[in-house]
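One structure is given here, and the rest of the page talks about it.
The values are calculated or read from the model by the stated rules, or taken from the named source; none is laboratory data. This one's a predicted model, so the numbers in the text were calculated from it and none came from an experiment. Note that each Cβ is placed from the backbone with ideal geometry, even for glycine, and that neighbours are counted across all protein chains shown.
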Amino acid sequence: MINICEQMFCLHPFVSNKWEKEFFLRRKAMSNGDAVLARLFKLWAMVCKLVMDGKRSADQVCDALQAIVDEQQFEAKVKEWVVFYERFFGLELDVSRLKIPEQQQGFDRLIIVAQGMTPQRLFEKCKKLFPTWKWTEKNLDEIITSVRTAQNGAYAVWVRDRVEADEENKNCSANDFSGKGGTETLEERMLHELKYFRETGKHLDVQNWTLCASSRYSDGGVPCADWFSDEFRVYWDRPDRHFSRLRARSAVSQ
């Protein structure tokens, strides 16, 4: 098996010995006046030697390095939402008190719901950007209740980064998720739609429907959303109804 640590030293064509390579890099960094970079290469060389000598687990080292990379990617995801709210709503998203749930494997899309984001407000924003339809003429704020809201401040959830609603949840009714709060609300689903549209110019659920099982209409019905006949639709369904194309989107929340 190719040793990754060995490969990391092969950074200069005129130095053959791996320890000479480490010395070369440190010297080059120091000659450029970058003591921090020199320290980095020294520590990296020491860590690699510990792994090669069997004194440190390669898996643990990889996990530590991955955590550094993930932190940078995480910060970039939050920044995307700051820019999104500024451009789409003219809002300054305050993330200083934002609590983000621990990310789970497979849940790679972050959705941040800013304070003041309500069902009707989000539907109106969709309406300004692309064709929309909803099954009722009533104000959604007056008839929709969700297990999570941004009434008292912004919050965040993790969802799967997919065009179509989760196949894992096909043939499950809203009643199957009752009281669990582990699926996208209608508000989160519309933000998901807006963010995806901003990124790609395309839409979610072109073949299936998202069952917003963590939201309810005042009559007990469940809101659903999809893209059908060139428009974004929000409609009503029974809480006990289930079939393969009607699928909730799982969400990881606090």
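Quick one: which residue in Val95, Val78 is among the aliphatic types (A, V, I, L, M), in the same structural domain as Gly201 (by TED's automatic domain parsing), assigned to a helix (DSSP H, G or I) and farther than 24 Å from Asp237 by Cα?
Working: Val95 fails: assigned to a helix (DSSP H, G or I).
After applying the criteria, what remains is Val78.
Conditions (1) surrounded by fewer than 18 Cβ atoms within 10 Å (Cβ to Cβ); (2) in contact with a Leu (Cβ under 6 Å, 6 or more places away or on another chain), marked per residue:
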{"site": "Ser215", "(1), (2)": "no, yes"}
{"site": "Ser229", "(1), (2)": "yes, no"}
{"site": "Pro239", "(1), (2)": "no, no"}
{"site": "Arg249", "(1), (2)": "no, no"}
Answer residue from the stretch 121-141, given it is in contact (Cβ under 8 Å) with a residue 12 or more places away in the chain and charged (D, E, K, R) and is surrounded by the most Cβ atoms within 10 Å (Cβ to Cβ) among those
Lys134
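Each row is one residue, and each column tells you yes or no for (1) over 24 Å from Val206 (Cβ atoms); (2) aliphatic (A, V, I, L, M); (3) part of a helix (DSSP H, G or I).
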residue: Glu142; (1), (2), (3): yes, no, yes
residue: Thr149; (1), (2), (3): yes, no, no
residue: Asn152; (1), (2), (3): yes, no, no
residue: Arg162; (1), (2), (3): no, no, no
residue: Glu187; (1), (2), (3): no, no, yes
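Taking the stretch 200-213 only, how many residues are β-branched (Val, Ile, Thr) and surrounded by fewer than 17 Cβ atoms within 10 Å (Cβ to Cβ)? Lay out the reasoning, then the answer.
Here is the first cut: in the stretch 200-213, the ones β-branched (Val, Ile, Thr) are 200, 206, 210.
From the residues that got through so far, the ones that are surrounded by fewer than 17 Cβ atoms within 10 Å (Cβ to Cβ) too are 200, 206.
Counting residues in the stretch 200-213 that are β-branched (Val, Ile, Thr) and surrounded by fewer than 17 Cβ atoms within 10 Å (Cβ to Cβ) gives 2.
Residue under question is Phe197, and the condition is that it be surrounded by fewer than 20 Cβ atoms within 10 Å (Cβ to Cβ) and of a type in the set (A, V, I, L, M, F, W, C); does it hold? Step through it out loud before you land on a result.
Numbers: surrounded by fewer than 20 Cβ atoms within 10 Å (Cβ to Cβ): yes; of a type in the set (A, V, I, L, M, F, W, C): yes.
Judged against the criteria, Phe197 is a match.
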Can you tell which of Tyr155, Tyr85 is free of Cβ contacts under 8 Å to residues at least 60 places away in the same chain, in contact with a strand residue (DSSP E or B) (Cβ under 9 Å, 6 or more places away or on another chain) and surrounded by 17 or more Cβ atoms within 10 Å (Cβ to Cβ)?
Tyr85
Please work out which residue is modelled with the lowest pLDDT, limiting yourself to the stretch 98-120 and to residues that are loosely packed, with under 15 Cβ neighbours inside 10 Å, polar (S, T, N, Q) and closer than 20 Å to Val82 by Cα.
Gln103
Could you check Trp227 against (1) under 23 Å from Val83 (Cβ atoms); (2) of a type outside the set (A, V, I, L, M); (3) free of Cβ contacts under 8 Å to residues at least 40 places away in the same chain and say which number it fails?
(1)
Go through the stretch 163-188 and report how many residues are touching a residue at least 60 places away in the same chain (Cβ under 8 Å), surrounded by fewer than 18 Cβ atoms within 10 Å (Cβ to Cβ) and under 14 Å from the mean Cα position of the chain (by Cα).
0
